[in-house]
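Read the figures in this text as sums done on the coordinates, not as results from a lab. Please read these numbers as outputs of a predicted model, since none were measured by experiment. Quick reminder, even Gly has a Cβ in these numbers, built from the backbone with ideal geometry, and neighbours come from all protein chains shown.
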Amino acid sequence: MPIRPRMRPTFEIPMKVDGTRTMARIKARLDRGSRHVAGQVVGCHAYVQVPSGRQTLLSPHLDLKLIQRGDKVVLHGRFGPRPNVWTGFMAVYGLLGMAGLGGLMLGWAQLSVKESAWGFWLVPASLALFAFVYGAAVIGQGLTQDEMYVLRHFVDRMVAGDEREEPLCDDEEPPVAAD
């Protein structure tokens with residue numbers, strides 16, 4: 001069964017312990033530097049991304065945080081575009097939503113004064129553009145899945161076997177993103 005794309009894919013790694021050693025290991029590795037990952041750790045939160053020299057407009061970043069769930073701790077990860085790209089997408093969605101609502105109000109106003117209600121055409125146009133922008137986001141996610149794999153592989157290797165609730169499958173080395 002194929003995996004359906006999601007706007008901001010997430011994953012969780014159940015932990016046997018509180019996860020502070022994992023965050024310390026991630027921080028130490030990021031502080032040493034790497035060709036494949038960069039980022040920072042603050043307390044129980046981490047931000048991991050592709051190094052700035054290898055980033056493109058679509059390059060993802062990975063937000064990690066330790067979450068207490070009852071008596072267990074999970075390492076929660078969420079992929080997303082960089083904050084400036086995410087803000088741009090949300091601004092476009094907001095503008096399209098306002099254009100659709102404005103078209104709906106204009107169409108009703110035109111109907112109430114017995115004019116041609118062409119304003120209603122802004123509603124399906126906004127919905128079509130909304131779908132186009134969503135499709136662009138999904139395509140962008142597909143284009144950067146190798147970078148997402150590198151980031152996830154990094155996290156999997158930083159969570160030691162004695163801290164992980166579930167065993168880790170031995171996987172091949174991460175693909176090197178094209179320069």
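Here are the numbers for the structure shown:
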quantity: Distance (nanometres) between label positions extended 7 Å along Cα→Cβ at residue 82 and residue 125; calculated: 3.3 nm
quantity: With Cα atoms, 0 to 90° folded angle of helix 83-112 axis to the chain main axis; calculated: 20 degrees
quantity: Pairs of Lys in the chain closer than 29 Å at Cα, counting only those 8 or more apart or on different chains; calculated: 5
quantity: In degrees, nearest ten, helix 122-143 long axis to first principal axis of the chain (Cα); calculated: 20 degrees
quantity: Label zone at residue 71 (point 7 Å along Cα-to-Cβ), backbone N below 15 Å, the range 20-36; calculated: none
quantity: Residue order, fewest to most surrounding Cβ atoms within 10 angstrom, among 34, 112, 126; calculated: 112, 34, 126
quantity: The range 15-119 shape via C-alpha gyration tensor axes, a/c threshold 1.5; calculated: oblate
quantity: Size of electric dipole in the chain: Cβ of Lys, Arg +1 and of Asp, Glu -1, about Cα centre, debye, nearest 20; calculated: 420 debye
